[in-house]
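The values are calculated or read from the model by the stated rules, or taken from the named source; none is laboratory data. Computed from a prediction, not measured in an experiment: that's the story for all the values here. Quick reminder, even Gly has a Cβ in these numbers, built from the backbone with ideal geometry, and neighbours come from all protein chains shown. Surface areas here come from the heavy atoms of the whole protein model, side chains and all, with no ligands, DNA or RNA. Shrake-Rupley method; radii C 1.70, N 1.55, O 1.52, S 1.80 Å.
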Amino acid sequence: MAVEDIVIVGGGLAGATAARTLRTEGFSGPVVLLAGERHYPYLRPPLSKEYLLGKAGDDALPVVPEGWYDENAVELRLGVPATQLDPSARTVGLADGSRLEYASLLLATGARPRSIPLPGNDLDGVSSFRTVEDSRRLRARFAEGGRNIVMIGSGWIGMELAAAASSYGNAVTLLGLEEVPLGVAIGPELGSFFRTLHEANGVRFRLPASAAEIQGRSGRVTGVLTDAGEVLPADLVVVAVGVVPDGALAEAAGIGMRNGILTDASLRTSAPGIFAAGDVANALHPFTGEHHRSEHWSNALNGGKVAAKAMLGQDAALDTIPYFYTDQFDVSMEYSGFPSLVSGPPVIRGSLDAKEFVAFWQRDGQVVAGMSVNWPRSAKPQKAIKALIAAKTPVAPEALADPEVPLDQLLPAA
């Protein structure tokens, strides 16, 4: 291969977006995209939301149309993961025994589901959740209805899966280590809001509680024994206890690591010519001056763009404010901001009981994060939240809470 070659390791949103950005920015050299899965790069958010609920089909998943890769001369290798990286020789070893040379390399290897060493993990009917196959398998089982389903994990994915399973008419029990679901992410008050939402739709909680054993008969799951000694009947058990960055390739190559692959704001790693983006990257953020690792789609999307531009020598930095969303039952939520800066209870505009509100978190009087729930989109709450965060200007809590004060009026004068 010629020295101009760019190799992208990882066939998710970050990797595919990087490939697309290279072409839209005018790069005409060889681009090889290595996808460990045997699927064209696809979006993950629908897997636990509308795709799982049967409200969206396979056409909602691709990052770009399948024909785009051939049309834009991007060599896509499906089901061929990278197995070895030599930064000094600038080569990547592949599972098929071949080796690629590169001038620039992007590591977009994502994350893998965290596992917990439970007796009975290997029983039929026990599932993790990460891939399109996982979503299809669970959708088929959820759609049967009338099943006892135990969800292990009270984070965003566990709550989304619980909502989907319950919506199909199953009896769902959720276990988590927190006192309140989502408590670590958004605090006890708003975590309780989501618990109440779920309980109103039939989901039962065992919090805080952990699974001590997954029980079965004839190789098939029958229940979950909790650490309190309760046996929860189960036809299906889903383990959704978070993910860990898939940085094994980088770590083995001696690239700087800390909760993922460490990068600067332009997503450069400690190795010359190597960049990292998406779930696996722990990037320096210009806004906070700290490293942040995000597992949400907006980070992968924006990171893929920044990495591609940086590989082309452009002045690019991942300086966007983090964003994610969730849909659970009749609640649609969007969140922008920096969870690491959040402390204390939020300021609420609107009504939790009416399931229509905006929550703001402040630090030293400045807005550092905000969450909108079923708030009229015509008010553009997320645009206002991001602008308030970017302004770094103290705002009176009373003004934030007052729905009669337009959010754009809280911004400093230009």
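General remarks:
- Volume per residue of the C-alpha convex hull in segment 234-377, rounded to whole Å³: 164 Å³
- Counted over segment 18-157, the DSSP beta bridges are approximately 60% antiparallel.
- For the pair T288 and R363, label points projected 7 Å from Cα toward Cβ lie 0.6 nm apart.
- Subtracting the Cα-Cα distance of D70 and A379 from their residue separation scaled by 0.36 nm leaves 107.1 nm.
- Applying 1/(1 + (r/R0)^6) with R0 = 60 Å to the Cβ-Cβ distance of V331 and A103 gives a FRET efficiency near 0.80.
- Largest-first principal axis extents, alpha carbons of segment 25-96, Å: 48, 28, 20
- Computed from label points 7 Å out along Cα-Cβ, the spacing between E37 and E144 is 2.4 nm.
- Residues of segment 237-279 falling in the label zone of L177, defined by backbone nitrogen less than 17 Å from a point 7 Å along Cα to beta-carbon, are 239-245, 259.
- Largest-first principal axis extents, alpha carbons of segment 47-150, Å: 56, 39, 19
- Backbone phi angles across segment 320-331, fed through the Karplus curve with coefficients 6.51, -1.76 and 1.60 (θ = phi - 60°), yield HN-Hα couplings of 6, 7, x, 8, 7, 9, 8, 10, 9, 6, 9, 10 Hz in residue order; Gly and Pro are listed as x.
- Rg in Å to one decimal, and Dmax rounded to a whole Å, for segment 286-355 via C-alpha atoms: 15.8, 51
- Taking 0.36 nm per residue of sequence separation and removing the Cα-Cα distance, the R217/D353 pair yields an extension gain of 44.6 nm.
- Helix-only [θ]222 nm of the chain, DSSP H runs n ≥ 4, -39500 (n - 2.57) each, per residue, nearest 500: -6500 deg cm²/dmol
- What the phi angles of segment 226-237 give under the Karplus curve with 6.51, -1.76 and 1.60, with θ = phi - 60°, is a coupling list of 8, 5, 8, x, 7, 9, 9, x, 8, 8, 8, 10 Hz, glycine and proline written as x.
- Antiparallel content of DSSP bridges confined to the chain, in %, to 5: 60 percent
- Gain on full extension, evaluated as 0.36 nm per residue between E398 and A252 minus their Cα-Cα distance, stands at 47.4 nm.
- Mean accessible surface per residue for segment 31-130, computed with a 1.4 Å probe while every protein chain stays in place, in Å²: 47 Å²
- Rounded, prolate or oblate (a/c below 1.5 giving rounded, otherwise prolate when a/b exceeds b/c) for the chain by Cα gyration tensor: oblate
- Of the solvent-accessible surface of segment 247-361, computed with a 1.4 Å probe and all protein chains present, 50% belongs to carbon and sulfur.
- Equivalent ellipsoid semi-axes - Cα gyration tensor, segment 59-115, angstrom: 23, 18, 11
- Sulfur and carbon atoms: percent of accessible area, segment 47-201 [1.4 Å]: 49 percent
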